[in-house]
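None of the figures in this text is laboratory data; all of them are computed from the coordinates on show. Keep in mind it's a predicted model, so treat the numbers as computed, not measured. Cβ: placed from backbone, ideal geometry, glycine included. Neighbour counts: every protein chain shown.
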Amino acid sequence: MAEQATILFVCLGNICRSPMAEGAFRDQARRAGLAVHSNSAGTGNWHRGAPPDARAQAVAVMNGVDISDLRARQVTREDFERFDNIVAMDSANLHELQRLQPPQSRARLSMMLDHAPGRAGESVADPYHGDLEDFSRPGPMSVPAPRA
Ligand code: 4NP
C-alpha cells in the first residue's frame, strides 16, 4: 500500500466521466493543500492516448477546471497495487474492476455516487451519446470527492 493517499477514477472510455472526476478531485486537493496522487483510467482501451472528449473539457472549464492535459489509458493490474481507492463511475465499471482485482490487492472499490449523500449504489450515467446537459449531471464534477 502506498504511503501517500492515492485514488483512481474509472469509467468505460476514460474520455468523459473519469477525467472530469480526476480533474475536479485534483483541483480540490490542490486548493486544500492535500498531497494526494490521483489518476483515471478506462476499463476499455479504444481511446488510449486521447484527450478528454471536447464536451467533458467544456463542462470542466465551466467549473473552473482545466483537464486538457489528461490522456486516456486502460486500467492495468498494477493499478490495483498502486491505488488505495478505486472509484468506478457505474455498476458495469465496478463489476469489471471486481473481476480484474487480483486476490492480493487491498484496493478499496466503490462507486462515485456512494460518496454522495443519499445516492449510494447509483451509477453516473454514460454521457457519451448525450449532449452537454448529460455531461453536466451531478456526479463527476459536483459530488464531494471521497477522502483518499
Ligand atoms: P466514459 O464515456 O466512459 O465516461 O469515458 C464513454 C466514452 C466512450 C465510449 C463509451 C463511453 N465509447 O463507446 O467509445
> Considering only the other residues whose Cβ falls under 11 Å of the Cβ of L100, what net charge follows from Lys and Arg at +1 and Asp and Glu at -1?
Replying inline: 0
>> Please check: in the Gaussian network model of the chain (C-alpha springs, under 10 Å), which one of A24, A120, A56 has the largest mean-square fluctuation.
In response: A120
> How much length, in nm to one decimal, is gained on full extension between A125 and R48, taken as 0.36 nm per residue of separation minus their Cα-Cα distance?
Replying inline: 25.6 nm
> Rg (Å, one decimal) plus Dmax (Å, integer) for the alpha carbons of the chain?
Replying inline: 13.9, 41
> Pulled fully out, how much extra length does the chain show between D69 and S142, if you take 0.36 nm times their separation in residues and subtract their Cα-Cα distance?
Replying inline: 24.3 nm
>> Sort D131, D84 by Cβ crowding within 10 Å, fewest neighbours at the top.
In response: D131, D84
> What residues from the range 51-83 fall in the zone where the backbone N is under 15 Å from a label point 7 Å along the Cα-to-C-beta line of Q4?
Replying inline: 82-83
>> Expected output is a single nm value to one decimal: the length gained when fully extending between L100 and V61, i.e. 0.36 nm times separation in residues minus the C-alpha distance. What is it?
In response: 10.7 nm
> Gap in Å between the Cα centre of the range 69-148 and the Cα centre of the range 1-46?
Replying inline: 9 Å
